[in-house]
Every structure is written in C-alpha cells, then in structure tokens.
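The values are calculated or read from the model by the stated rules, or taken from the named source; none is laboratory data. Quick caveat, the model's predicted, so the values are computed rather than measured. Positions of Cβ are backbone-derived with ideal geometry, glycine not excepted, and every protein chain shown enters the neighbour counts. Just the protein is used for accessible areas: all its heavy atoms, side chains included, with ligands, DNA and RNA removed. Shrake-Rupley method; radii C 1.70, N 1.55, O 1.52, S 1.80 Å.
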Amino acid sequence: MHTDLVAALDIGGTKIAGALVDGDGRIHARAQRPTPAQEAGDTVMGAVEAVLAELTASPLWGRATAVGIGSAGPVDASAGTVSPVNVPGWRDYPLVRRVRDAVGDLPVELIGDGVAITAAEHWQGAARGHDNALCMVVSTGVGGGLVLGGRLHPGPTGNSGHIGHISVDLDGDPCPCGARGCVERIASGPNIARRALDAGWRPGPDGDTSAAAVAAAARLGDPVAVASFERAAQALAAGIAATATLVEIDIAVVGGGVGKAGDVLFTPLRKALTDYATLSFVQRLVVVPAQMGTDAGLVGAAAAALTKAPGARPAHV
Ligand SMILES: [Zn+2]
C-alpha cells in the first residue's frame, strides 16, 4: 500500500533528531546533530537546518507531505515559537517560520515534547486503544500530555498536560518555575537523587549519584533510597489522581529515565494512587510503563504531522 511520508523533528537540549516517517510509524531516513544548546539562537537553528538538509537530500523527500516538530518547551504552537528552558538562545524563537523557510511549502505542525511522546504512546505504545490517557516523561524534568475523547489534546499553545508543574505540596520547596511543591520538584531524577543524598545515602565506588544509582540501591533494600523513590511516587500519584479526577483518564503511562526504575517506582506509585484516586470514577485508573523507545519523540512528531497531511492520517491519533 502506498503511504505518504512526513518529516519529523525531535528537538531536545542535547540532540536534534530528524526522520522521514510513513503512515504506519516506520522510519525510512534519519539525520541527527548535537544541540549547541548554549550558543546563539541562529547557531542552534543551523543545527536544525543541517538535519533538514540531510532529509531533503534523501530520494524519498519528494513524498513528504508535512513536517511535524516536537520541541523541548515551553512552546507556543499558536505563535509558532519556542522558548526551551535549556536552550537560552531561543526565546520566542520563530521555529515554525524558520523550518518552513527550509522546506518550502509544506505544512508545519509544532507540539511540545511531552505532547509528542503522548502522541507516540497513543498511536503505537502503551496508551494504544485508550481514548482518555495521560502520558508522562519523568527524567531530568517531568513533562506530559493528554489524550481526551480519543484525540491528542495539545491545547492552544501545545503544552496541555504539563503535569510536572502542578503543585502537590502547597508550602513545598520553591520550583524553578516560580511556584512551590511542583511534581517535578519532588519526582524528577535530580530531585530523587538530591533527596537521597540529603538523607544520608552515599554512592558506590564509582561515585554515581544519578537517580538510576539511587534506584539500584533501592532495589537492594537501602531504606533511604527506597524512601526517596516513595516520596517521588507519592508526588506522581497525587498529580495523576488530580488529572484523573478532572478529566477522567483511565490510564497513566510513565516513561523517561525515572520510569525505567521499574518496581522501585511503580509499586509505591500504585499504592499511593489508592490514597489519592479515591472517587468511584477514578478507581479503575491503571498506571503502566511507557512502551516506546528512543524514537518516541520522532514518532510522536510524525503523528502530529500526519494530522496535517490529508490521506495519511494515523487511525489512532
Ligand atoms: Zn514548577
């Protein structure tokens, strides 16, 4: 069966990935550059243009019907601009216009990276077949996105579902966003590690103080490491329960580096959910690990582009 292709860009703080993706989510050509995150805005754009130049040089480019961009946020899809926290040279940067300049007349769709991951999990991953879902990325930060009524719900600016900055501790620690006690301030990888270190956990001989090292210690029964993951799980559970109560999701998908901790995270998370998701209509809510791998951002950006490319719309997005 002939399927049109779309171009997908996944723009993060460390790498800029691009691909040509078909209507079944298969990747046919790839390009990648490191993100010169601390450089001037136009230098960062130069790396995006280098990725696009490789894709447009592909013999398959002529079949591309749209471009989808998933970018680190915040993004403003209505204005076509991005202001990624860890790319300081991009503030209200006109990414959509610059990409359009590079690719000609194709429609360009911009969404936040949390929304892109959500599109991928809904299309091909753990949220497939669920009409109302929250998908989260728990790593250096905590992001997410929503599927409501069977459709991706990016919201007017493309940031809907950004659960990391819901406050779950009213008088909690200040968050870099300006609020207090945000989910991210408690449950992100760096905060899991910091809390364990503050409470007396010490790394092994390799000096690894990452959340993955705390997870390994928790797996061996280290009580301080276990407690730090339990606190993160509690914050995630409160945020997930609030989301379920507001919009009746029936599945929460948790990915990202912290999501890979496995039972160390998911066992206390499911237990904490029984404390916070108490009303009858949220009690069937399930929490599962993400299924999409490192290509989730690209596949999700492609899903968003397919919604702009007549004739190639993925059935589940
Ligand atoms: Zn915050």
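Only one of Leu265, Leu285 is aliphatic (A, V, I, L, M) and either under 19 Å from the mean Cα position of the chain (by Cα) or under 16 Å from Gly114 (Cα atoms) (or both). Can you tell me which?
Unique residue meeting the criteria: Leu265.
Working only within the range 169-188, note down all residues that are more than 9 Å from the ligand (Cβ to nearest atom) and surrounded by fewer than 24 Cβ atoms within 10 Å (Cβ to Cβ).
Asp169, Leu170, Asp171, Gly172, Asp173
Would you please list the contacts, defined by Cβ atoms under 6 Å and residues six or more apart or on different chains, that run from a residue in the range 244-264 that is open to solvent by less than 20 Å² (accessible area, probe 1.4 Å) to a residue that is among the acidic types (Asp, Glu)?
Listed pairs, sorted by first residue: Val253/Glu121.
Only one of these conditions is not met by Ala216: (1) without any contact (Cβ under 8 Å) to a residue 40 or more places away in the chain; (2) of a type in the set (Gly, Ala, Ser); (3) within 16 Å of the ligand (Cβ to nearest atom); (4) within 17 Å of Pro268 (Cβ to Cβ). Which number is it?
Among (1) without any contact (Cβ under 8 Å) to a residue 40 or more places away in the chain; (2) of a type in the set (Gly, Ala, Ser); (3) within 16 Å of the ligand (Cβ to nearest atom); (4) within 17 Å of Pro268 (Cβ to Cβ), the lone unmet condition for Ala216 is (3).
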